[in-house]
1. Considering every pair of different Cα atoms, what Kirkwood radius, in Å, is found for the stretch 76-209?
2. Pull out the extension gain between residue 360 and residue 109, defined as 0.36 nm times the separation in residues minus the alpha carbon to alpha carbon distance; nm, one decimal.
3. Going by average Cβ density within 10 Å per residue, which order do the peptides 71-82, 234-245 take, highest to lowest?
4. Looking at the stretch 316-351, which trypsin sites (Lys or Arg not before Pro) are DSSP coil and have at most 12 other C-beta atoms within 10 Å of their C-beta?
5. I'd like to compare 177-184, 200-207: which one has the highest average count of other Cβ atoms within 10 Å, and what's the full order after that?
6. Obtain the nm distance between the two label points defined at residue 50 and residue 377 by a simple spin-label model: each point lies 7 Å from its Cα along the Cα-to-C-beta direction.
7. Loop only by DSSP, 12 or fewer other Cβ within 10 Å of the Cβ. Give me the GluC sites (Glu not before Pro) in the stretch 316-408 that pass, ordered by residue number.
8. For residue 73 and residue 194 in the same chain, what is the full-extension length gain: residue separation times 0.36 nm, less their Cα-Cα distance, in nm?
Amino acid sequence: MNRRTLLSSCTALAAATALGPLAPAAVAHPAAVAHPAAVAHPGQEEPVRFQLPAPDGPYPVGTVALHLADTARPDPWVPSRPCRELMISIWYPARGGTARTTAPWMPAAAADRYLDLLGVPPGRVHLGNTHGHQGAPVGGPPGPLPVVLYSPGADASRSFGTGVVEDLASHGFLVVTVDHTYDAAAVAFPGGRVETSPPGGIGDSAKALAVRTADIRFVLDRLAVLYSGGHPGARPAPLPAGLRRALDLQRVGMLGHSLGGATTAATMHTDRRITAGASLDGGAAGPVVTAGLDRPFLVVDTPGKGGMDNNPALRTFWSHLRGWRLHLTVRGAAHQSFGDDELILPLIAPLLGMSPPDLEDEVGTIPGHRAQAFQRAYPRAFFDLHLRHRGQLLDGPSPDFPEVAYAR
């Protein structure tokens, strides 16, 4: 598949400023586009290897993946499925357990399908492991932990925010990442089943936003079941020791990239359980645009075409925010500068036939280590401030981040 087409579909969905179907060219089913340039080059037999930098918090990281089934809701994208099914991962500060295996960056079955959809030859890319130890006991600071939900962009997987998520967990947050099935390019379920986008892709932005909002609210319901002593999963399996006691459902934030940012705003409008939200280069759509929010919200965007000045719906949403608000613009960044793609795309661009200008369109000119520094510092500062009531990074421009512009 043409990676650029897939990435452009994320941008088109997130930037939609009105409800209704997108233009047919805006979203392409991953299997619909062949990429003749995606071939191995002579002398390049060694696979391209991706490994995230380690998080810098004081705690090791644990993780567990869970299969959820909403038996009260038919799947809105594939009616033949008996109910809406999701995969989530829970990330948290761990104690001990570091001898346990670390989770793959993306489950193997999903990674194989995803790379195949991109047109990457088999064996040419090794996506590596995360720093999350599977099933490790929960550790971290005393008492229950603030909870952060993460929603990825359209066509993206929950894996693409792992760098941000691991960092939050290593600093004492419990983070729940969500795969929005059929909206995501590839989702692996227990038993090896992999679900991809339906033929024609996800082209209705209003429906996608409504489905994602319902997904997040269902995840919150299942976290409440876990807190009450039940098992949240469709297939009960051992849970990490201490997981139930680690949840503080009175301190819940949400973070999203691209369409995930719009999902954050829309979900906050319909569900007051989320007390603070952050959008990484996401748009705004639906009733929240004119209704606004009375709780803290962080808007992060990019200069030029990706900025608020070129998004009327986002400007309207911003004008109706009645709580704490902050607008950050990251100079040199582009739409894919706010997730693991910032590091992955430069590695695999030659396999996708991406020219340097094409790559710059996706990840900008900001150096990868600076994009990573922003991703780790600013979301954590936001949730520190509004879920823990501490920290000063968001008070004003920082000499440590000269590429970040502030607006209140």
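Bear in mind these aren't lab numbers, they're just calculated from the coordinates by the rules spelled out. Please read these numbers as outputs of a predicted model, since none were measured by experiment. Backbone-built Cβ (ideal geometry, glycine too); neighbour counts: all protein chains shown.
1. Computed over the stretch 76-209, the radius equals 16.1 Å.
2. 87.4 nm
3. Answer by packing, highest mean first, reads 234-245, 71-82.
4. Of the trypsin sites (Lys or Arg not before Pro), the ones in loops of the stretch 316-351 whose Cβ has at most 12 other Cβ atoms within 10 Å are 322.
5. On the way: 177-184: 25.9, 200-207: 19.4.
Ranked from most to least packed, the peptides come out as 177-184, 200-207.
6. Between residue 50 and residue 377, the simple spin-label model gives 2.5 nm.
7. Sparse-neighbourhood loop GluC sites (Glu not before Pro): none present.
8. Answer, rounded to one decimal: 41.5 nm.
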